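One structure below.
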Amino acid sequence: MGMRLVKKTVNQDDINTYHLFFADDEGSPGTDITFFDFNGIPKKEEGVNEISRASFRVPSDLALEYWLKRFKKYNVVHEEIKELFGKKVILFEDFDEQKYALFSNQNNKGVESGIAWKKGPVPNEFAITGLGPIFLRINNIAIMDKILVDGLFMKASGVQDNYHLYEMGEGGNCASVILEVAKGSNQGIQGYGAIHHVAFRVEDEEVLNDWIKYIRSLGFPNSGFVDRFYFKSLYTRMYPGILFEFATDGPGFIDDEETYEILGETLALPPKFRNHRDFIEKLVRPIDTVRSTKVFEKEYL
């Protein structure tokens with residue numbers, strides 16, 4: 001996918017597993033997708049009331065043509081280009097059958113995208129520059145509409161077949177939720193290939209504390225303030241089966257341990273874990289993530 005690994009750390013709630021952050025060239029807020037490598041967990045069971053698909057942004061419709069060739073070269077399961085809410089898109093999945101989409105940013109209006117990984121293998125003009133809409137598969141549109149519109153102040157922007165588009169603020173690919181309305185009562189079950197949670201950006205700690213007070217006033221179960229060092233968070237379940245996170249834009253991934261040049265190359269640890277580094281390094285399997293000493297040739301297909 002040609003995304004940059006910008007932070008290799010551990011899951012702060014379970015230090016036996018990595019928490020890997022992939023983002024744009026600078027680890028910009030709103031561009032990162034993260035993975036946990038939990039050992040021995042079963043495969044997911046797809047159903048309703050779950051986060052069903054993550055997505056990325058590429059600069060143009062032409063970039064999607066490049067990605068069709070790239071997916072074919074690397075034997076990635078994918079569909080042909082289609083149009084969804086006026087944007088060209090490719091649906092695809094990985095080896096764990098986790099679902100994704102690539103959205104063209106050509107006709108996008110709204111929040112700006114990030115920066116392609118300059119030293120990555122994908123030509124900059126075709127490369128991923130950030131995240132796109134998040135897909136939620138639900139069976140109760142009335143409840144979710146109330147949560148998104150009345151609770152989170154989003155706006156309903158369109159309907160296409162069984163998909164419903166909601167946008168926040170300036171809107172666009174980077175500020176959208178797409179609801180896939182499905183029938184049935186079989187709840188999706190977490191496992192490998194599933195999406196654990198979705199994070200929404202908030203500007204800073206002051207704004208996050210306002211959201212904490214607001215979510216509590218609505219009576220939803222929540223984590224309260226959580227300090228993740230690289231950002232501050234709030235977690236809440238406002239709808240069955242779906243975990244929402246609110247995360248601050250900063251402090252960010254460029255910190256006292258890693259400069260821009262070596263992002264993601266070391267086992268980075270928040271201060272509260274650093275006295276236990278030797279122990280933690282024995283728990284997690286070694287992964288060579290050094291990139292600054294390597295040269296990736298741009299793959300023109």
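The values are calculated or read from the model by the stated rules, or taken from the named source; none is laboratory data. Everything numeric here is computed off the predicted structure, so don't read it as measured data. Reconstructed Cβ throughout: ideal geometry from the backbone, glycine too, with neighbour counts over all protein chains shown.
Summary table below
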| item | result |
| --- | --- |
| The one condition in (1) of a type outside the set (A, V, I, L, M); (2) under 22 Å from N105 (Cβ atoms); (3) surrounded by 14 or more Cβ atoms within 10 Å (Cβ to Cβ) that K155 fails to fulfil | (3) |
| Residue in the range 122-131 that is within 30 Å of Y260 (Cβ to Cβ), at pLDDT below 95 and not polar (S, T, N, Q) present | no |
| First in the range 77-90 and more than 13 Å from L165 (Cβ to Cβ), second anywhere and charged (D, E, K, R) and in a strand (DSSP E or B), Cβ under 6 Å, 6 or more apart | V77/E93; I81/K88 |
| Test: residue in the range 240-263 that is farther than 30 Å from Y74 by Cα and assigned to a helix (DSSP H, G or I) | no |
| Subset tally (residues that are under 30 Å from M168 (Cβ atoms) and either modelled with pLDDT under 95 or not in a strand (DSSP E or B) (or both)) for the range 39-64 | 10 |
| Qualifying position, being crowded, with 21+ Cβ neighbours inside 10 Å and either among the basic types (K, R) or over 19 Å from E83 (Cβ atoms) (or both), among L148, L179 | L148 |
| Residues (in a loop (DSSP other than H, G, I, E, B) and on the phi < 0 side of the Ramachandran plot) located in the range 149-167 | L152, M154, N162 |
| Residue ID - surrounded by the fewest Cβ atoms within 10 Å (Cβ to Cβ), chosen from residues in the range 96-116 that are hydroxyl-bearing (S, T, Y) and out of contact with any Leu (no Cβ under 6 Å at 6 or more places or on another chain) | Y100 |
| Top-ranked residue in the range 8-34 [being of a type in the set (D, E) and assigned to a loop (DSSP other than H, G, I, E, B); ranked as surrounded by the fewest Cβ atoms within 10 Å (Cβ to Cβ)] | D13 |
| Residue in the range 41-49 that is more than 21 Å from the chain's Cα centre (by Cα) and either aromatic (F, W, Y) or farther than 18 Å from D161 by Cα (or both) present | yes |
| Some residue of the range 212-223 being more than 24 Å from V290 (Cβ to Cβ), in contact with a helix residue (DSSP H, G or I) (Cβ under 6 Å, 6 or more places away or on another chain) and either hydrophobic (A, V, I, L, M, F, W, C) or not in a loop (DSSP other than H, G, I, E, B) (or both) | yes |
| Residue match in the range 69-77 (condition: more than 24 Å from G191 (Cα to Cα), aliphatic (A, V, I, L, M), in contact with a strand residue (DSSP E or B) (Cβ under 9 Å, 6 or more places away or on another chain) and surrounded by fewer than 17 Cβ atoms within 10 Å (Cβ to Cβ)) | no |
| Cβ pairs under 9 Å, 6+ apart, first in the range 4-19 and without any contact (Cβ under 8 Å) to a residue 24 or more places away in the chain, second polar (S, T, N, Q) | H19/T9; H19/N11; H19/Q12; H19/T34 |
| Hey, E170 under 21 Å from the mean Cα position of the chain (by Cα), of a type outside the set (K, R), assigned to a loop (DSSP other than H, G, I, E, B) and under 30 Å from E83 (Cβ atoms) or not | yes |
| Positions within the range 117-137 being surrounded by fewer than 23 Cβ atoms within 10 Å (Cβ to Cβ) and over 15 Å from A175 (Cβ atoms), in sequence order | K118, K119, G120, P121, P123, N124, E125 |
| Selection count, the range 187-228, where residues are over 24 Å from N49 (Cβ atoms), of a type in the set (A, V, I, L, M, F, W, C) and in contact (Cβ under 8 Å) with a residue 60 or more places away in the chain | 0 |
| So Y300, is it in contact (Cβ under 8 Å) with a residue 24 or more places away in the chain and farther than 19 Å from G30 by Cα | yes |
| Whichever residue in the range 40-67 is out of contact with any Leu (no Cβ under 9 Å at 6 or more places or on another chain) and buried (at least 19 other Cβ atoms within 10 Å of the Cβ) and, among such residues, is farthest from I141 (Cα to Cα) | P59 |
